[in-house]
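S.K.: Let me give you the structure first, and then I'll get to my questions.
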Protein chains: 2
Amino acid sequence: MVLASGGGTNLQAILDQLHGQGEVEVVGVGSDKPGAYALERAVAAKVPTAVFPRDEFDDREARDSAMADWIQSTGAELVALAGYMQLVSPLFVERFRGRIINVHPALLPSFPGLDAIGQALEHGVKVTGVTVHFVDEGTDTGPVIIQRAVEIPANWDRDELETAIHAVEHQIYPEAIGMIARGEVRIAEDEPRKVIVEQRFGK
Amino acid sequence: MVLASGGGTNLQAILDQLHGQGEVEVVGVGSDKPGAYALERAVAAKVPTAVFPRDEFDDREARDSAMADWIQSTGAELVALAGYMQLVSPLFVERFRGRIINVHPALLPSFPGLDAIGQALEHGVKVTGVTVHFVDEGTDTGPVIIQRAVEIPANWDRDELETAIHAVEHQIYPEAIGMIARGEVRIAEDEPRKVIVEQRFGK
């Protein structure tokens, strides 16, 4: 299950690299935005879609509850946020505890929240990167699954950095989902922040 | 000028890679700890030393003021903190504004303050690194000069990570000092957090 609000380039990477190739099936694409281009990508890949706009529900909890019911009905084992611009409510996190992941365009805990690339440029860092992490109740605070660094050369503008960051997202997000599908990823029993990755096959 | 409180391995890297080789001269080594091994390294390299223990002065400001006078008397153009475990006071920062640098064992702004390596392990990150930055009034908040990432393989213990981090420190701290000595480093005029590095010669 992939949730997306926007163009869906991470969804496309997942569809291209994983969907229907044996280990992973994308059983649905959900969105809060009826016009999200991600939904068109899903349709083109013959993946079921559903839309849960905030203004059609009394509150965020009601929306997330309906969305959770739909996700459960698809038999999804993992919920991958991919440019999903809504905070998920605590009840949603609780229902899929340890089975919701997100990709964030920074090396967390640096630059959580919105516009991480802009934050990194503003702060003047020379290295940033991408983090795939489990989602918990906080904003980009959950346990880290994979991180990859991206150096910022002196002469880069924002566009060049965005391109590089997105390329890394499109590489490591499918990689992380594949590892989870193969059962290679678990949270350490006595250290809830520590994710143990034991690669068995593949890359 | 190098200030150190401990074993002085970063001082040694600076002495070995830069001192007396044309571009950089270490004109003194100061410490807050009379027994710091860094002082012995300085003596062995025939570099003048001075010690400013906190308990020989009325307060931190008085200590830093005496230390600043001594530094100025040596003709030092740059003050490099190297395992110097005291916060420098605002008056010290003001006297050497833009001429004090520090090396920190994390990719700032992640994990500022004490035991950055322990913080990174506790947080469960998969990538950390080293930052060389200008010192301002905050704790590890000044503008970033160089950063380098260090991946944390799944099977590493703390010792292995420390060894890798320190190896990177011993590489990029002398590198940064060399770049500053050659005039390749400046803070952008309109963006006080942005450090522009224009390498002219060398590595």
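The values are calculated or read from the model by the stated rules, or taken from the named source; none is laboratory data. Everything numeric in this text was worked out from a predicted model, so none of it was measured. All Cβ positions, glycine included, derive from the backbone under ideal geometry; neighbour counts span all protein chains shown.
S.K.: Which of the residues spanning segment A:17-31 are within 16 Å of the chain's Cα centre (by Cα) and either farther than 23 Å from A:T131 by Cα or in contact (Cβ under 8 Å) with a residue 60 or more places away in the chain (or both)?
M.R.: Within segment A:17-31, A:Q17, A:L18, A:V24, A:V27, A:G28 qualify.
S.K.: Another question about this same structure. Here is a list of conditions, (1) within 14 Å of chain A (Cβ to nearest Cβ); (2) at pLDDT 95 or above, and B:I177 meets all of them except one; can you say which number that is?
M.R.: The failed condition is (1).
S.K.: Can you tell me how many residues in segment B:53-80 are within 14 Å of B:G6 (Cα to Cα) and in contact with a Gly (Cβ under 7 Å, 6 or more places away or on another chain)?
M.R.: Of the residues in that region, 0 qualify.
S.K.: Still on this structure, please answer the following. Name every residue in segment B:143-159 that is facing another protein chain (nearest Cβ under 8 Å), among the hydrophobic types (A, V, I, L, M, F, W, C) and not in a strand (DSSP E or B), in order of residue number.
M.R.: Answer for segment B:143-159, where residues must be facing another protein chain (nearest Cβ under 8 Å), among the hydrophobic types (A, V, I, L, M, F, W, C) and not in a strand (DSSP E or B): just B:A154.
S.K.: Moving to a separate point now. Give the residues of segment B:109-135 that are closer than 17 Å to B:E175 by Cβ and either of a type in the set (S, T, N, Q) or more than 7 Å from chain A (Cβ to nearest Cβ) (or both), sorted by residue number.
M.R.: B:V130, B:T131, B:V132, B:H133, B:F134
S.K.: B:T128: touching a residue at least 40 places away in the same chain (Cβ under 8 Å) and either not in a helix (DSSP H, G or I) or not assigned by TED's automatic domain parsing to the domain that holds B:K33 (or both), yes or no? Walk me through it before giving the result.
M.R.: Details: touching a residue at least 40 places away in the same chain (Cβ under 8 Å): no; either not in a helix (DSSP H, G or I) or not assigned by TED's automatic domain parsing to the domain that holds B:K33 (or both): yes.
It is false that B:T128 is touching a residue at least 40 places away in the same chain (Cβ under 8 Å) and either not in a helix (DSSP H, G or I) or not assigned by TED's automatic domain parsing to the domain that holds B:K33 (or both).
S.K.: Consider B:T128 carefully, then state whether it is in contact with a helix residue (DSSP H, G or I) (Cβ under 9 Å, 6 or more places away or on another chain), among the hydroxyl-bearing types (S, T, Y) and closer than 18 Å to A:K126 by Cβ.
M.R.: Yes.
S.K.: Which pairs have Cβ atoms under 7 Å, sit 6 or more apart or on different chains, and link a residue in segment A:46-57 that is closer than 16 Å to A:V26 by Cβ to one that is aromatic (F, W, Y)?
M.R.: A:A50/A:W70
S.K.: To continue, here is another question. Taking the criterion of being surrounded by 21 or more Cβ atoms within 10 Å (Cβ to Cβ) and in contact with a Lys or Arg (Cβ under 6 Å, 6 or more places away or on another chain), would at least one residue in segment B:125-139 satisfy it?
M.R.: The initial filter retains those residues of segment B:125-139 that are surrounded by 21 or more Cβ atoms within 10 Å (Cβ to Cβ), namely B:125-135.
Then keep just the ones that are in contact with a Lys or Arg (Cβ under 6 Å, 6 or more places away or on another chain); that gives B:129-130.
Yes, some residue in segment B:125-139 is surrounded by 21 or more Cβ atoms within 10 Å (Cβ to Cβ) and in contact with a Lys or Arg (Cβ under 6 Å, 6 or more places away or on another chain).
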